[in-house]
Amino acid sequence: MDVRILDTTLRDGEQTPGVSLTPDEKLRIAIKLDELGVDVIEAGSAITSEGEREGIKKIVSEGLSAEICSFARALKIDVDAALECDVESVHLVIPTSDLHIKHKLRKTREEVKDLAVQNTEYALDHGLIVELSAEDSTRSDFDYLTQLFKEGIEAGANRICACDTVGMLTPEKAYDFYKPLTKLGVPLSVHCHNDFGLAVANSLSGLRAGASQAHVTVNGIGERAGNASLEETVIALHSLYNIPTNIHNEMLYDLSKMVARLTGVYLQPNKAIVGENAFAHESGIHADGVMKKAETYEPITPELVGHKRRFVMGKHVGSHIIQKRIQEMGLRVNDQQFQQIFSRIKSLGDKGKCVTDVDLQAITEDVMGILAEKVVELIDLTIVSGNKVTPTASIRLNIDNNEVLEAGIGIGPVDAALLAVRKSIKDFADIELEEYHVDAITGGTDALIDVVVKLKHEGNIVTARSTQPDIIMASVEAYLGGINKILGSKYVKKIKEGDL
Ligand code: KIV
Ligand code: ZN
């Protein structure tokens, strides 16, 4: 049987400390979730604020295929707020553990059960689909929990959901906990938090026990350690359990990047499925195996989730990989040149640096004596900043023999200058600034400033650095250095191929 996906990135995910999305950002994510094929979008909690209601209303009026749902406590005012937004369903939540009932709500079990039943009836009477959800259900008295669900179902609840609010389940316990709840006659959702890193495993166990819907968030964002991640749950179902969902798997990587950008919650590189290293290979034996037959060290193809395979050359790289990559770049080196390239890569690896394909091309061209063309050069840069003006930068660059003049405003002079650079090159190449780090190497106001940038182009990451006393110049020079690494090597390649 297919598993349904309820995505709660816009509600539980937005509860990530420090994350707050504007109504337009929520709409952009909702549109992408809909294209991805999620069955239900929990668009927010309508009672929260005017802005939250605006976001939910925008999503509703988009006419998406997914069911649009609002979170609501089992209170009339919450259901009314959801009704004002014209959503199709409510995720109607009531705490069921004594811990929450006594200390948070200061009510009795009976009062809580009555609230669940009354508000289920109220929401149904007003035309809403009701998913009745028990908060902290995994620390609740199981008989009481079951009784509350039974009465909610008798009142007409369409679905039920049992939340592992603070991630107390283990995969074994999850199976035993969810199994009896699947017998209550309505579809059951799993909603698992990741406090012990088990949210996905517990969700999968609950689904194996017979639950039919999983609550998930993109990148697993959410309160504290977050929720079960959408991409890991869906791909585990697809690839390990052979259970279908309605998700278009090949959109997962792009959606993950979009959510990271909009929430500001960036992923660890080794994040499963969508992390930057999820399909990156460094060690000689692994990379060699993957080149011969990808399945040797890849359990799924990167294409399945819209990601890309990368070979990173660090100190573990084997000589035949480097040889092969150089050949694939259309370059021919003799043995002596190859030894020089090999030892430069190994010594960079010993210093903790990794070499991307673009770096390898630059090293190879350097060893071969091919001059990488400096495609972009700074002509001049003017910055205006102070307490009464918006930081503004105007920049003049020579790009591939064209003079380009651009301006940018930012929250500070560095931001303004880098924006001006970004705007200048946008017609020449699609280059994203992935990371920016700044360090003062020495102490004092005349310290040398070391700026390192990571730029991304066609799936490759290029690192460039500049060290100068002026932070703005260091930032711009590092940025231009990276752009030249990318465009310079492309330019040389085109000349060689006769395209220029
Ligand atoms: O984790 C949880 O218990 C929740 C409920 C409030 C629905 O997100
Ligand atoms: Zn939750």
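So in segment 130-174, with the set limited to residues that are of a type in the set (Val, Ile, Thr) and within 16 Å of ligand 2 (Cβ to nearest atom), which one is surrounded by the fewest Cβ atoms within 10 Å (Cβ to Cβ)? Across segment 130-174, the extreme among qualifying residues is 166. Is it fair to say residue 136 is at pLDDT 95 or above, under 25 Å from the mean Cα position of the chain (by Cα) and within 11 Å of ligand 1 (Cβ to nearest atom)? It is false that residue 136 is at pLDDT 95 or above, under 25 Å from the mean Cα position of the chain (by Cα) and within 11 Å of ligand 1 (Cβ to nearest atom).
Number of residues in segment 47-80 that are within 16 Å of ligand 1 (Cβ to nearest atom) and among the small types (Gly, Ala, Ser) equals 3. When segment 288-307 is limited to residues that are without any contact (Cβ under 8 Å) to a residue 12 or more places away in the chain and closer than 24 Å to residue 349 by Cβ, the one that is farthest from the chain's Cα centre (by Cα) turns out to be 292. With respect to the numbered conditions (1) among the acidic types (Asp, Glu); (2) in contact (Cβ under 8 Å) with a residue 40 or more places away in the chain; (3) more than 16 Å from ligand 2 (Cβ to nearest atom), which one is the sole condition not fulfilled by residue 80? So residue 80 meets the others, but not (2). Among the candidates 330, 386, 349, the residue that is in a loop (DSSP other than H, G, I, E, B) and modelled with pLDDT under 85 is uniquely 330. Within segment 349-369, the set of residues being crowded, with 17+ Cβ neighbours inside 10 Å, under 21 Å from residue 457 (Cβ atoms) and in contact (Cβ under 8 Å) with a residue 24 or more places away in the chain comprises 354, 355, 356, 357, 358, 359, 360, 361, 362, 364, 365.
Here is the figure for segment 175-190: residues that are surrounded by 18 or more Cβ atoms within 10 Å (Cβ to Cβ) and touching a residue at least 60 places away in the same chain (Cβ under 8 Å) total 1.
Summed over segment 206-220, residues that are away from ligand 1 (no atom under 14 Å from the Cβ) and within 21 Å of the chain's Cα centre (by Cα) total 2. Scanning segment 1-15 for residues that are outside any loop (DSSP other than H, G, I, E, B) and within 12 Å of ligand 1 (Cβ to nearest atom) yields 6, 13, 14, 15. Can you tell me which residue is surrounded by the fewest Cβ atoms within 10 Å (Cβ to Cβ) among those in segment 242-265 that are out of contact with any Asp or Glu (no Cβ under 9 Å at 6 or more places or on another chain) and not aliphatic (A, V, I, L, M)? Result: 242. Regarding residue 203, is this residue hydroxyl-bearing (Ser, Thr, Tyr) and more than 16 Å from ligand 2 (Cβ to nearest atom)? Criteria not met by residue 203. Restricting attention to segment 1-17 and to residues that are more than 12 Å from ligand 2 (Cβ to nearest atom) and either modelled with pLDDT of 95 or more or in contact with a helix residue (DSSP H, G or I) (Cβ under 8 Å, 6 or more places away or on another chain) (or both), the residue that is farthest from residue 263 (Cα to Cα) turns out to be 3.
The single residue among 273, 285 that is away from ligand 2 (no atom under 16 Å from the Cβ) and either at negative phi or over 13 Å from the mean Cα position of the chain (by Cα) (or both) turns out to be 285. Answer yes if at least one residue in segment 232-241 is crowded, with 24+ Cβ neighbours inside 10 Å, touching a residue at least 12 places away in the same chain (Cβ under 8 Å) and part of a helix (DSSP H, G or I), and no otherwise. The answer is yes, given that some residue of segment 232-241 is crowded, with 24+ Cβ neighbours inside 10 Å, touching a residue at least 12 places away in the same chain (Cβ under 8 Å) and part of a helix (DSSP H, G or I). Would you be able to tell me the number of residues in segment 147-174 that are among the small types (Gly, Ala, Ser), in a helix (DSSP H, G or I) and out of contact with any strand residue (DSSP E or B) (no Cβ under 7 Å at 6 or more places or on another chain)? Qualifying residue count, segment 147-174: 1. Among the residues of segment 184-205, those that are under 10 Å from residue 169 (Cα atoms), within 16 Å of ligand 1 (Cβ to nearest atom) and in a helix (DSSP H, G or I) comprise 199, 202, 203. With the structure loaded, tell me whether residue 343 is modelled with pLDDT of 85 or more, among the hydroxyl-bearing types (Ser, Thr, Tyr) and assigned to a helix (DSSP H, G or I) or whether it fails that test. It is true that residue 343 is modelled with pLDDT of 85 or more, among the hydroxyl-bearing types (Ser, Thr, Tyr) and assigned to a helix (DSSP H, G or I). Applying the criterion of being surrounded by 24 or more Cβ atoms within 10 Å (Cβ to Cβ) and more than 13 Å from ligand 1 (Cβ to nearest atom) to the residues of segment 82-100, the residue that is farthest from residue 142 (Cα to Cα) is 87.
Let's see how each residue does on (1) closer than 20 Å to residue 481 by Cα; (2) among the hydrophobic types (A, V, I, L, M, F, W, C):
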{"site": "313", "(1), (2)": "no, yes"}
{"site": "332", "(1), (2)": "no, no"}
{"site": "338", "(1), (2)": "no, yes"}
{"site": "350", "(1), (2)": "no, no"}
{"site": "353", "(1), (2)": "yes, no"}
{"site": "362", "(1), (2)": "yes, yes"}
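In summary, strands (runs of 3 or more DSSP E) completely within segment 421-500 and bearing 3 or more residues that are on the phi < 0 side of the Ramachandran plot, modelled with pLDDT of 70 or more and charged (D, E, K, R) occur at 432-440, 449-457. Taken together, the residues in segment 179-196 that are among the hydroxyl-bearing types (Ser, Thr, Tyr) and either more than 16 Å from ligand 2 (Cβ to nearest atom) or in contact with a Pro (Cβ under 6 Å, 6 or more places away or on another chain) (or both) amount to 1.
Against the condition assigned by TED's automatic domain parsing to the domain that holds residue 199, charged (D, E, K, R) and away from ligand 2 (no atom under 16 Å from the Cβ), how does residue 50 come out, does it pass? Criteria met by residue 50.
The values are calculated or read from the model by the stated rules, or taken from the named source; none is laboratory data. It should be emphasised that the depicted structure is a prediction, and the values quoted were computed from it without experimental measurement. Note: ideal-geometry Cβ built from the backbone for every residue, glycine included; neighbour counts use all protein chains shown.
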